[in-house]
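The values are calculated or read from the model by the stated rules, or taken from the named source; none is laboratory data. Since the structure is predicted, the reported quantities are computational estimates derived from the model, not experimental observations. As a convention, Cβ positions derive from the backbone with ideal geometry for all residues, glycine included, and neighbour counts pool all protein chains shown. The area values use the complete protein model at the heavy-atom level, side chains included, leaving out ligands, DNA and RNA. Shrake-Rupley method; radii C 1.70, N 1.55, O 1.52, S 1.80 Å.
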Amino acid sequence: MPYLRRYVAMLLIAVLALGSLPVAAAQTAGLVSTQSALQADTAASDRERINDVLARADVQDQLLAQGVSVDQVKDRVAALSDAEAREMADRLDAMPAGAGVVGALFAVFIILLVTDILGLTNVFPFTR
């Protein structure tokens, strides 16, 4: 009987030790949490929403009328942080149906202006 207890005890110790290895490996591997995965998905959908608005012909015409190329705006949208992209997408969703283009252009203009004033870009000559 003592031999059986000793054998079972060693077996349990080995199982518990080996069972804890995947947990330790998972903690050091830097697993992605559900919240961060959802935030990344939301950020991607926000950028997609902004790019959908920028792909419209009337928006592109207005951007060209303001002297801004569409490629520059797309680069700026790609450089936005997740919070800025979320705020811009929320503004696009909150605009009335007829004012969407004007509001979107205004938001893009403000973002371009702020990044130009900060010296991150060189779009508007009047900011120097």
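For LEU105, indicate whether it is out of contact with any Leu (no Cβ under 8 Å at 6 or more places or on another chain), surrounded by 14 or more Cβ atoms within 10 Å (Cβ to Cβ) and at pLDDT below 80. Full working, then the answer.
Numbers: out of contact with any Leu (no Cβ under 8 Å at 6 or more places or on another chain): no; surrounded by 14 or more Cβ atoms within 10 Å (Cβ to Cβ): yes; at pLDDT below 80: yes.
Spelling it out, it is not the case that LEU105 is out of contact with any Leu (no Cβ under 8 Å at 6 or more places or on another chain), surrounded by 14 or more Cβ atoms within 10 Å (Cβ to Cβ) and at pLDDT below 80.
Within the set of pairs 6+ apart or on separate chains, which have a first residue in segment 104-119 that is closer than 12 Å to VAL77 by Cα, a second that is of a type in the set (Ser, Thr, Tyr), and C-beta atoms under 6 Å apart?
THR115/THR121
Name the residue that is nearest to ALA40 (Cα to Cα), counting only residues in segment 67-76 that are surrounded by 12 or more Cβ atoms within 10 Å (Cβ to Cβ) and out of contact with any Leu (no Cβ under 7 Å at 6 or more places or on another chain). It would help to see each step written out before you state the result.
Here is the first cut: in segment 67-76, the residues surrounded by 12 or more Cβ atoms within 10 Å (Cβ to Cβ) are 68-70, 72-74, 76.
Next cut, out of contact with any Leu (no Cβ under 7 Å at 6 or more places or on another chain) only: 69, 72.
Values: SER69: 28, GLN72: 23 Å.
Across segment 67-76, the extreme among qualifying residues is GLN72.
Any idea how many residues of segment 78-90 are open to solvent by less than 70 Å² (accessible area, probe 1.4 Å) and under 14 Å from PHE106 (Cα atoms)?
Our first condition is that a residue be open to solvent by less than 70 Å² (accessible area, probe 1.4 Å); within segment 78-90, this holds for 80-81, 83, 85, 88-89.
Filter again for under 14 Å from PHE106 (Cα atoms), leaving 88-89.
Residues in segment 78-90 being open to solvent by less than 70 Å² (accessible area, probe 1.4 Å) and under 14 Å from PHE106 (Cα atoms): 2 in total.
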